[in-house]
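The next block holds one structure in the form of structure tokens; read it before the comments.
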Amino acid sequence: MLRPNLAVWVILCALCWGFPRAVIASDIATSVAGGVDDRLANGGYFELGASVYSVNKVDVRQTEHQTLEPSLLISGMYQYKGLFVEMVHQSQDGINLGFNFWNSENWSLDILAANLKTSWARPEGVDPAMLSEAGRNNYLMSEESLYIGAGFRATRYWDDHYVFQYRIVSDYFNGQGIQSSARLGKSWQVRNWNFHALASVEYSSSTLNQYLFGVTDEEATELFPAYKPGNSFSYGLELGVAYPISESLVFRAMYRMNVLSDEVTDSPFNESGYVSFFNASISYVF
């Protein structure tokens, strides 16, 4: 499983530190898991804790993959007069910096100035045509990189329990192409237990799929034959629960399944037709 750039996390944590908690126009992972209170309020929150997660191996380039791993939980968000920064634990949509430019009773529209997610990139300054077969195999194993995009996000709220969110971003860091998603979530409470369900459809452009999963004729080897994917759709379902152990201490658990498109599974890098992800955490909310 790819890990976000640590420096980016640290910078965004500093921005979120010390502000009182408020639920605001935000990444759907926060809205559906935490409910919707005053989504227009200035303010934010910061969480620090520990989690353990389990994920199946999907890509041969995940050379350090382990089925079960502990991790540090760092999460937070802050909004001031429409400007916001988000790094939401369990979110599928990465880290966001942007501006909320319009609201109504049920709608919220945002400009995403920077959407950061992990990605793959080939080593720079290398001509694969000059490499041996073994050298091209090593070259194709790639390196971790960042997808940094900008775009638009629209969120629709119903009755403080249903949230729909559509987002579309295009990468301006390495020209990796377009990502888009539509997600519908519902939350409900049983005594002190807060449950949520979230269904997703995600689109990836052919440019992005070629960048992530393609192999050019010049790069191709016996192990990684040439492959040119088109655009694709994938589908996901998430179920989660949160329980407040105390006023500031929260337990969370969630399970997510994403079914991958043939454009991904037919790639020579792919090892599975789905991503199965489980996470359990305890965090302190400042």
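Key figures
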item	result
Unmet criterion (only one of (1) of a type in the set (S, T, Y); (2) outside any strand (DSSP E or B); (3) buried (at least 20 other Cβ atoms within 10 Å of the Cβ)) for S200	(2)
Sole residue being closer than 26 Å to L109 by Cβ, at pLDDT 95 or above and either of a type outside the set (K, R) or not in a helix (DSSP H, G or I) (or both), chosen from Q165, Q210	Q165
Any pair with Cβ under 6 angstrom, 6 or more apart, that starts in the stretch 76-99 at a residue that is within 20 Å of I168 (Cβ to Cβ) and ends at one that is of a type in the set (D, E)	E86/D27; V88/D27; S91/D27; D93/D27; N96/E86; G98/D110
In the stretch 269-286, the residues that are out of contact with any Asp or Glu (no Cβ under 8 Å at 6 or more places or on another chain), within 30 Å of E222 (Cα to Cα) and surrounded by fewer than 17 Cβ atoms within 10 Å (Cβ to Cβ)	S272, G273, Y274, S276
Residue count for the stretch 153-172, restricted to those that are surrounded by fewer than 15 Cβ atoms within 10 Å (Cβ to Cβ) and not basic (K, R)	4
Yes/no for S91 being assigned to a strand (DSSP E or B) and surrounded by 14 or more Cβ atoms within 10 Å (Cβ to Cβ)	no
Any hit, the stretch 231-240, residues being in contact with a Phe, Trp or Tyr (Cβ under 6 Å, 6 or more places away or on another chain) and either of a type in the set (D, E, K, R) or surrounded by 13 or more Cβ atoms within 10 Å (Cβ to Cβ) (or both)	yes
Selection count, the stretch 213-222, where residues are more than 17 Å from N174 (Cβ to Cβ) and either of a type in the set (D, E) or part of a strand (DSSP E or B) (or both)	4
The stretch 94-108: number of residues that are on the phi > 0 side of the Ramachandran plot and surrounded by fewer than 19 Cβ atoms within 10 Å (Cβ to Cβ)	0
Filter result for the condition that a residue is surrounded by 15 or more Cβ atoms within 10 Å (Cβ to Cβ) and under 24 Å from A199 (Cβ atoms), over S51, S145	S51
Boolean, F233 is within 17 Å of T265 (Cβ to Cβ), under 24 Å from the mean Cα position of the chain (by Cα) and not aliphatic (A, V, I, L, M)	yes
Considering residues of the stretch 69-85 that are in a strand (DSSP E or B) and more than 19 Å from the chain's Cα centre (by Cα) only, the residue surrounded by the most Cβ atoms within 10 Å (Cβ to Cβ)	Q79
Selected residue (criterion: nearest to D262 (Cα to Cα)) from residues of the stretch 51-68 that are in contact (Cβ under 8 Å) with a residue 24 or more places away in the chain and in contact with a strand residue (DSSP E or B) (Cβ under 6 Å, 6 or more places away or on another chain)	V58
Scope the stretch 72-91; condition modelled with pLDDT of 90 or more and farther than 19 Å from F286 by Cα; matching residues	K81, G82, L83
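The values are calculated or read from the model by the stated rules, or taken from the named source; none is laboratory data. Computed from a prediction, not measured in an experiment: that's the story for all the values here. All Cβ positions, even for glycine, are placed from backbone atoms using ideal geometry, and neighbour counts span all protein chains on display.
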